[in-house]
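Below is one structure, written out as structure tokens; the observations come after it.
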Amino acid sequence: MNEFRSGFVSFVGRPNVGKSTLTNALVGEKIAITSSKPQTTRRAIRGIVNTPAAQIIVVDTPGLHRPRTLLGQRLNDVVGNTLNSVDVIGFCVPANEKIGPGDAFINEQLSEYRRAKLIALVTKSETVSRDALAKQLVEISELRNWDAVIPVSAISGEQLDELKVILGELLPKSQALYPEDMKTEESLEERVCELIREASLEDSREELPHSLAVTIDEMGPREDSNIYDIHANLWVERDSQKAIVIGKGGSRLKQIGSEARVEIEKLLGTKVMLRIHVKVAPDWQRDPKQLGRLGM
């Protein structure tokens, strides 16, 4: 009889290859926000996947990049520390994009993490024909001697069960590290902050995504009511950015609040009254004290 296995897995790849979307699909609920903007993920977020034979802890991390700020350096540090400690690293390449210099660079970096077993994942498999998918699988197989190569689709669910089996088999023998009903280590407040930030990222101008941060002043259920009150702060670095986030007549901020509230209500399972105040913290990405205050 096979012994139970448990351990840590992390996915790496260029921006927008589907790492967070794949994490959410494996866990079975949204624990990591997604966006088309690079560096959406800002810390290591653990999602817990339970199968009859294994407990797979997926650690979603920021993408590796060339840092331009203290925040950027801290994000890279998060990635490095995570990859040094996980049992399996999954290198993600989308099925609908050619393997390029960025992929080659990340593949080279993987050789530094000798502790982990390495697998290759061709993501977004639903976007291409079978012939194109087969070609991508061959090309990624030639990069190195992987422990496994598998195509997956977080959208259609194709091969996700197979991926769980493969990941489980590559983990060390161990009892479960978390309770079976637990999906993530993220606190409710952290998840709410991320959902507000996710809503603010969409349709934001190029200079804004990295400058956005969210904190909570107060949150909790209203007495004698099924309404959950949340008072949040959306931080930017300059007054000009504040004006962009608020929009003409408050239109953009209203849209952010509306989109975030829908996702928060899904998370909480109740009606939400969300109030967001936009505040300025000058150049917070470069200020150690402000980074700490904003939870970075």
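The values are calculated or read from the model by the stated rules, or taken from the named source; none is laboratory data. Just so it is clear, the structure is predicted and the values come from calculations on it, not from any experiment. Methodologically, a virtual Cβ is constructed for each residue, glycine included, from the backbone with ideal geometry; neighbour enumeration extends over all protein chains shown.
A few notes on this one:
- Selection within the range 213-229 - out of contact with any Asp or Glu (no Cβ under 6 Å at 6 or more places or on another chain) and either part of a strand (DSSP E or B) or among the β-branched types (Val, Ile, Thr) (or both): 213, 214, 215, 217, 218, 219, 220, 221, 227, 228, 229
- Hits in the range 3-18 (condition: in contact with a Phe, Trp or Tyr (Cβ under 8 Å, 6 or more places away or on another chain) and outside any strand (DSSP E or B)): 13
- Among (1) assigned to a helix (DSSP H, G or I); (2) modelled with pLDDT of 95 or more, the one test that residue 109 misses: (2)
Residue-by-condition table, conditions (1) outside the structural domain of residue 285 (by TED's automatic domain parsing); (2) touching a residue at least 12 places away in the same chain (Cβ under 8 Å); (3) touching a helix residue (DSSP H, G or I) at 6+ places or on another chain (Cβ under 9 Å):
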{"site": "143", "(1), (2), (3)": "yes, yes, yes"}
{"site": "195", "(1), (2), (3)": "no, yes, yes"}
{"site": "198", "(1), (2), (3)": "no, yes, yes"}
{"site": "201", "(1), (2), (3)": "no, yes, yes"}
{"site": "212", "(1), (2), (3)": "no, yes, yes"}
{"site": "220", "(1), (2), (3)": "no, no, no"}
{"site": "229", "(1), (2), (3)": "no, yes, no"}
{"site": "237", "(1), (2), (3)": "no, yes, yes"}
{"site": "248", "(1), (2), (3)": "no, no, no"}
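- Any hit, the range 252-267, residues being more than 26 Å from residue 32 (Cβ to Cβ), loosely packed, with under 13 Cβ neighbours inside 10 Å and among the hydroxyl-bearing types (Ser, Thr, Tyr): no
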